[in-house]
Amino acid sequence: HIASVHWQTGDMADNQGSISYTGHYSKYIFQVSYNWLSYGSIEGYDEYGNATGNDYEPFNQLATASVAFPLKHIRFGATLKFAADKLTDDAGDRTALGAAFDWGLTWQSESKRYGLAVMARDFGCLLRDYVDDGENDYYPMSQTFAIAGFFRPKVLPRLTVYVDNDFPRYQEAFLSLGGEYALGQHLFVRAGFQRTWLDLIRDAKELMASEDRPDETNNAHMLSAGLGYAMDLLALDYSFSYLAQGMGHEHRLGVRVNF
């Protein structure tokens, strides 16, 4: 049984976090979670870019229920999600509601030195849109396919390397790389990198002195580093993320309790 709390703050989000509980029944593993995202106070502008004098506090909530069970060589898991998203309190505006479904398959070698996963996330749509006009527009969710894996080299058995490639339907595909090195039995050092494939191509062109690279970026989270401390009962995590294109940085704290 695991109870977990994560909390994050930074330039992109004022207050973001999650609370989850993970347990098991027979061979089945289940998890329930509540997640929130607050952007803080944001100044309002009209369609011409002029300040309206109104301040808004967008707030997003997400509840999930997951189950996973092992087959002979793989593990299958699925998640149901229910989301609520409030943008403004203006007349006629309301909290949008949506539902989505995830599924995934994982495989791990008998040596536990490497493994693979295939997953699909956020297949669903809005159930109620943002404007109370008597009609609903059922916009689809991001609908993302992903392939991921990990590897522990024999020459560095304390090092674990992770790779994840996401293919969202409505935005650019992006690559995530991560590494974790165990310092003894309890302390872990971590680093990560995330970038869209389009930005990686633009970065390569810039290195080759090309003048084709535009100023915009498609993915905010670029570089991350962190520390973790884990015992049988308690685990603590901290990470720092540098955001691309001068968008600032983020801090994330995590606490897990095993019982």
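Global dimensions of segment 133-194 from alpha-carbon coordinates: Rg and Dmax equal 18.3, 64 Å.
Note on F101 and A84: their simple-model spin labels are 2.4 nm apart, each label 7 Å out from Cα toward Cβ. When nucleic acids and ligands are ignored and a 1.4 Å probe is applied, E47 ends up with an accessible area of around 150 Å². In the chain, the DSSP-assigned H stretches of four residues or longer account for a calculated mean residue ellipticity at 222 nm of -1500 deg cm²/dmol, using -39500 (n - 2.57) per stretch and the full residue count as denominator. Within segment 174-204, which residues have the backbone N less than 20 Å from the label spot 7 Å out from L223 along Cα→beta-carbon, could you tell me? So the set is 175-181, 189-204.
Exposure check, 1.4 Å probe, all protein chains in place: E206 carries approximately 110 Å² of accessible surface. Here is the P(r) of segment 42-101: all C-alpha pair distances, binned every 5 Å from 0, give 4, 14, 16, 14, 12, 9, 8, 7, 6, 5, 3, 2, 0 in whole percents.
Net charge of the neighbourhood of S111, taken over other residues with C-beta under 14 Å away and scored Lys/Arg +1, Asp/Glu -1, is +3. Above 16 Å, the calculated P(r) of segment 81-173 contains 67 percent of its Cα-Cα pairs. Annotation: segment 22-132 has a Kirkwood hydrodynamic radius of 17.1 angstrom, from the mean reciprocal C-alpha pair distance. Each Lys and Arg contributes +1 and each Asp and Glu -1, all at the Cβ; summed about the Cα centre of the chain, the dipole is approximately 2300 debye. Helix 197-207 and the long axis of the chain differ in direction by around 90°, with both axes built from C-alpha atoms.
Note on the chain: Lys pairs 8 or more places apart or on different chains, Cα atoms under 21 Å apart, count 4. Largest accessible area first, the residues R113, R195, R158, R202 order themselves as R158, R113, R202, R195 under a 1.4 Å probe with ligands, DNA and RNA left out.
The three principal axes of the Cα atoms in the chain give end-to-end lengths of 59, 54, 30 Å, sorted in falling order.
Summarising the overall dimensions of segment 32-71 from its C-alpha atoms, the Rg and Dmax are 18.2, 58 angstrom.
The values are calculated or read from the model by the stated rules, or taken from the named source; none is laboratory data. In this text the structure is predicted, and so the values were computed from the model without any measurement. Using ideal geometry, Cβ is built from the backbone for each residue, glycine included, and neighbour counts are taken over all protein chains shown. Accessible surface areas use protein heavy atoms only, side chains included; no ligands, DNA or RNA. Shrake-Rupley method; radii C 1.70, N 1.55, O 1.52, S 1.80 Å.
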